[in-house]
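Worksheet for the structure shown next.
The values are calculated or read from the model by the stated rules, or taken from the named source; none is laboratory data. Bear in mind that the values here come from a model prediction, so they are computed numbers and not experimental data. Reconstructed Cβ throughout: ideal geometry from the backbone, glycine too, with neighbour counts over all protein chains shown. Just so you know, the surface numbers come from the protein's heavy atoms only, side chains and all, with ligands and any DNA or RNA stripped out. Shrake-Rupley method; radii C 1.70, N 1.55, O 1.52, S 1.80 Å.
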Amino acid sequence: MHVRIATIRAPGLGAALLMAALLLSAACGDSTSAGVDTPDAAPDSRAWRDVLHEVREDFPNVPQMTTRRLAGLLDSEPASVLLLDARSEAEYEVGQLRGAVRTETLAAALDALSGFDRRSTVVVYCSVGHRSSDLAERLLARGVANVFNLEGSIFRWANEGRPVYRGARRVHEVHPYDEEWGRLLDRRYWPD
């Protein structure tokens, strides 16, 4: 069974439809994946495919960066990457990508950018990519160049076993956002 999610710009309605698709996908037990690179360790690859597709449809002008590409940049040129975490303070406090600056608002993001080289690669992330794509889109509209959304965001990053930190200390926890969206995060990363 294939679930198609309609793109609707009404606030909250698109998210409600996406959540309905996630629940339907989980209920159907269908874990096929075609067309979109889904996380290997994803709890439900069909739901992941639908979420990634929805993000691309909602934000067609926002460049997407894979977790693999970001990991490579952080290994080879860490000083040239600015990580912006678009999640809430409660989510950020549980775990974040090393060196990420919490920028839940456009003003906070622009403030964080003020101290960085304009040639830096700016990568924005949240839980799965909706909030970060929205922030990346607003940064692009303000003329900030070289901005990317981290495709699959911190859930995908953690599901692939990549490092997550609380400050300078590596942790194995990521805030699941809520019970429904948390279905996309491997349960082993949920806080106790």
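So, of the residues in segment 154-185 that are basic (Lys, Arg) and not in a loop (DSSP other than H, G, I, E, B), which turns out to be most open to solvent (accessible area, probe 1.4 Å)?
Arg169
Do any residues in segment 64-80 that are touching a residue at least 60 places away in the same chain (Cβ under 8 Å) have Cβ atoms under 6 Å from those of residues that are open to solvent by less than 50 Å² (accessible area, probe 1.4 Å) and assigned to a helix (DSSP H, G or I), where the two are at least six apart or on different chains, and which pairs are they?
Correct list of pairs: Thr67/Arg156; Thr67/Trp157.
Among the numbered criteria (1) small (Gly, Ala, Ser); (2) more than 13 Å from the chain's Cα centre (by Cα); (3) closer than 19 Å to Pro163 by Cα, which one does Gly115 miss?
Of everything listed in (1) small (Gly, Ala, Ser); (2) more than 13 Å from the chain's Cα centre (by Cα); (3) closer than 19 Å to Pro163 by Cα, Gly115 misses just condition (3).
More than 18 Å from Arg162 (Cα to Cα) and not small (Gly, Ala, Ser): is that true of Asp58 in this structure?
Yes; evaluated as a whole, the condition is true for this residue.
Scan Leu113, Leu150, Leu82 and give me the residue that is more than 18 Å from Thr67 (Cβ to Cβ), in contact with a strand residue (DSSP E or B) (Cβ under 8 Å, 6 or more places away or on another chain) and not β-branched (Val, Ile, Thr).
When all the criteria are applied, what remains is Leu113.
Restricting the search to segment 65-79, which residues are out of contact with any Lys or Arg (no Cβ under 7 Å at 6 or more places or on another chain), among the hydroxyl-bearing types (Ser, Thr, Tyr) and surrounded by 14 or more Cβ atoms within 10 Å (Cβ to Cβ)?
Thr66
If Asp134 meets every condition in (1) more than 23 Å from Glu57 (Cβ to Cβ); (2) in a helix (DSSP H, G or I) apart from one, which number is that one?
Here Asp134 clears every test but (1).
So, in segment 170-186, exactly how many residues are of a type in the set (Val, Ile, Thr) and touching a Leu at 6+ places or on another chain (Cβ under 9 Å)?
1
For the structure I just gave you, tell me whether Arg102 is open to solvent by 40 Å² or more (accessible area, probe 1.4 Å) and in contact with a Leu (Cβ under 9 Å, 6 or more places away or on another chain).
Answer is yes for this residue.
Please identify the pairs in which a residue from segment 161-188 that is of a type in the set (Gly, Ala, Ser) has its Cβ atom under 6 Å from the Cβ atom of a residue that is surrounded by 12 or more Cβ atoms within 10 Å (Cβ to Cβ), counting only partners at least 6 apart or on another chain.
From residues that are of a type in the set (Gly, Ala, Ser), the pairs are Gly182/Pro176.
Within segment 145-153, identify whether any single residue is within 28 Å of Ser45 (Cα to Cα), among the β-branched types (Val, Ile, Thr) and open to solvent by less than 40 Å² (accessible area, probe 1.4 Å), and answer yes or no.
Yes, segment 145-153 contains at least one residue that is within 28 Å of Ser45 (Cα to Cα), among the β-branched types (Val, Ile, Thr) and open to solvent by less than 40 Å² (accessible area, probe 1.4 Å).
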